[in-house]
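Remarks on the structure that follows.
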Amino acid sequence: MVEPEESDDLPGEAGCYRRPMAETRERPLLPDGIVVVVKEECATCHSVAPVLAQLDTATTLTVYTQDDPDFPSTTAALHDHDLAVSWHHDIETVPTVIRVADGAEVERTVGWHREPWERVTGVSGLGPDLPAMRPGCGSMSVDPDLVDALAVRFGATVLSSRRLDVADAEDEMEMMFTRGWTDGLPVVPPTEERVMRMLTGTTRAPSDLVADVPPDLVGVTVEKVAIAAVMAGCLPEYLPWVLTAVEAACNDEYNMHGLLATTMPVGPVIVCSGPGTRAIGMNSGGNALGQGTRANSTIGRALQLVIRNVGGGRPGEVDRATHGSPGKIGFCFAENDPDSPYGTLAAEHGIGDGVDALTVFAGEGTRCVVDQLSREPDSLARSLAASLQAMHHPKLIMGFDAILVMGPEHARVFADAGWDREQIVAGISAHLNRPGAELVRGAGGMAEGVPDAFAEAPSLPKFRPGGLMLAYAGGGAGLFSEIIGGWANGDVGSKPVTRAVTY
């Protein structure tokens, strides 16, 4: 198992080890002549056994057998017992026939097809009793049960993270709880095989630096992010989204350190859009902000595990949230951009249409806005404004941004009236302005409020310019919208950060 944390321990200390590079990591050379790779568990390989006997008398032949060292009985064979030959020479189908000259492959054919076999081998009259063509079988070197272990053993990529030797009697799940690597839920053990498989999801090198992770400002590599993605339960195709989320959250503009240190119940909210969200099965419809979809549930969790295990952002330490929120385990969803009547949040922040992108927002858990009756845009704008006004506190203004996630039925009210994104925001904002006298401390019998200096202001807005943002997601039934309230936003706190996804 590879370790998710950055550590100064030397290899070999504290039960850690580094696996030495196997000698077979170097590509075995094939002998000159004709090379054939077969396996006993292949009907086509059995049918061509007499052909191999023909070739053995007519040319220089080397046969490698993947499984049974006594197969084929008609010809002497070398046992590719560790599949090193098959792996390094990209054998995907057996039988495979290769012509080798001066140590280099010249030509190959797969399966049984008389004409290509005769061309590659230079021997005519092969297999006269066989049909002209018969498909081959999958090579053991591409067997799904073996391929990840072979990638670890023979692949060019060597993981740099230290390895932890887990005793047979030790429960690896409990071990990870004990070491403090989890968010309170079980995590997937990050074995070398799983991490190597995860790294196939990106073109970036495992050693590439992704970001300096707050609060400890520890440099995190692609490999370390891949480890967190494994632990979170991601698939390899999610990795580019996780990497981009880490980049977006770990910078001065987003201010992840401040987000951890605050006592408010906030964490990273990842809002995704683009065709890639649909390609990886991210949910933008019913229950998009809830459980049940692997991509939504694990991408946000992977970011939080990076913050926890690499950056040191643990609850009770730097993380000082008074109550916290279930969203702090991981909060990620997709917008339904193909159907959105007003585009995407990423487009609002300058990303072109059709580009895979995400926005990381410092937000709390959601609150529902119910308006079942409004069929005119101004009425619905007033309802949404009334709910937004109460966010955090009705008398606190301009300090907190918000994302309004509109469901299809609410959005349709505005779309039918021809309102675009700017008109919706302006229409809602028009009903959010209140005179300073109603917002100052003590007004309405509430000590909370803005300083007395604002008492004479004729009108004060709830949000700073650009502080009210729109997203589009949710199921088709229900006249509902969701509000995601922000933390201290702007220069004094956190700004939403939008990035195009880097693959």
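Counting only residues that are of a type outside the set (A, V, I, L, M, F, W, C), touching a residue at least 40 places away in the same chain (Cβ under 8 Å) and farther than 19 Å from G286 by Cα, how many does the stretch 309-341 have? Of the residues in that region, 12 qualify.
Looking across the stretch 164-181, just one residue is within 27 Å of the chain's Cα centre (by Cα), part of a loop (DSSP other than H, G, I, E, B), among the hydrophobic types (A, V, I, L, M, F, W, C) and farther than 14 Å from E5 by Cβ, and that is V166. Residues in the stretch 451-477 that are touching a residue at least 24 places away in the same chain (Cβ under 8 Å), surrounded by fewer than 20 Cβ atoms within 10 Å (Cβ to Cβ) and either more than 22 Å from R421 (Cβ to Cβ) or of a type in the set (A, V, I, L, M) (or both): S459, L460, A477.
Among all residues of the stretch 363-383, there is at least one that is at pLDDT 95 or above, surrounded by 24 or more Cβ atoms within 10 Å (Cβ to Cβ) and under 18 Å from E409 (Cβ atoms). The single condition among (1) under 25 Å from A149 (Cα atoms); (2) over 39 Å from the mean Cα position of the chain (by Cα); (3) among the aliphatic types (A, V, I, L, M) that L83 does not meet is (2). If you check every pair at least six apart or on different chains, which have Cβ atoms under 6 Å apart with a residue in the stretch 269-297 that is closer than 21 Å to M469 by Cβ first and a residue that is of a type in the set (S, T, N, Q) and assigned to a loop (DSSP other than H, G, I, E, B) second? Listed pairs, sorted by first residue: S273/T344; N283/T293; S284/N336; N296/N283.
Where the second residue is of a type in the set (S, T, N, Q) and not in a helix (DSSP H, G or I) and the first is at pLDDT 95 or above and lies in the stretch 216-242, which pairs have Cβ atoms under 6 Å and are six or more apart or on separate chains? Listed pairs, sorted by first residue: T221/S207; P236/T200; L239/T202; P240/T202.
From the list W117, W87, the one residue that fits, being closer than 30 Å to S161 by Cβ, aromatic (F, W, Y) and either surrounded by 21 or more Cβ atoms within 10 Å (Cβ to Cβ) or at pLDDT 95 or above (or both), is W87.
Considered as a group, the residues in the stretch 252-296 that are among the aliphatic types (A, V, I, L, M) and assigned to a loop (DSSP other than H, G, I, E, B) include one that is nearest to G327 (Cα to Cα), and that residue is V266.
Among the residues of the stretch 254-277, is there at least one that is within 17 Å of A346 (Cβ to Cβ) and open to solvent by 50 Å² or more (accessible area, probe 1.4 Å)? Yes, because at least one residue in the stretch 254-277 is within 17 Å of A346 (Cβ to Cβ) and open to solvent by 50 Å² or more (accessible area, probe 1.4 Å). Scanning the stretch 157-182 for residues that are open to solvent by 50 Å² or more (accessible area, probe 1.4 Å) and touching a strand residue (DSSP E or B) at 6+ places or on another chain (Cβ under 7 Å) yields one hit, D165. Take the conditions (1) surrounded by 13 or more Cβ atoms within 10 Å (Cβ to Cβ); (2) farther than 28 Å from D82 by Cα; S141 misses just one of them, which is (2). Within the stretch 183-205, the set of residues being touching a residue at least 40 places away in the same chain (Cβ under 8 Å) and either part of a strand (DSSP E or B) or open to solvent by less than 30 Å² (accessible area, probe 1.4 Å) (or both) comprises V187, P189, P190, E192, V195, M196, M198, L199, T202.
Every condition in (1) surrounded by 16 or more Cβ atoms within 10 Å (Cβ to Cβ); (2) modelled with pLDDT of 95 or more; (3) not acidic (D, E) is met by G281 except one, and the failing one is (1). The residues in the stretch 375-416 that are more than 35 Å from the chain's Cα centre (by Cα), of a type in the set (D, E) and assigned to a helix (DSSP H, G or I) can be counted, and the count is 2.
The values are calculated or read from the model by the stated rules, or taken from the named source; none is laboratory data. On a predicted model such as this, the values are computed, not experimentally measured, just so you know. In this analysis, Cβ positions are derived from the backbone assuming ideal geometry, glycine residues included, and neighbour counts consider all displayed protein chains. Ligands, DNA and RNA are stripped out before the accessible areas are found, and what is left, the full protein with its side chains, is counted by its heavy atoms. Shrake-Rupley method; radii C 1.70, N 1.55, O 1.52, S 1.80 Å.
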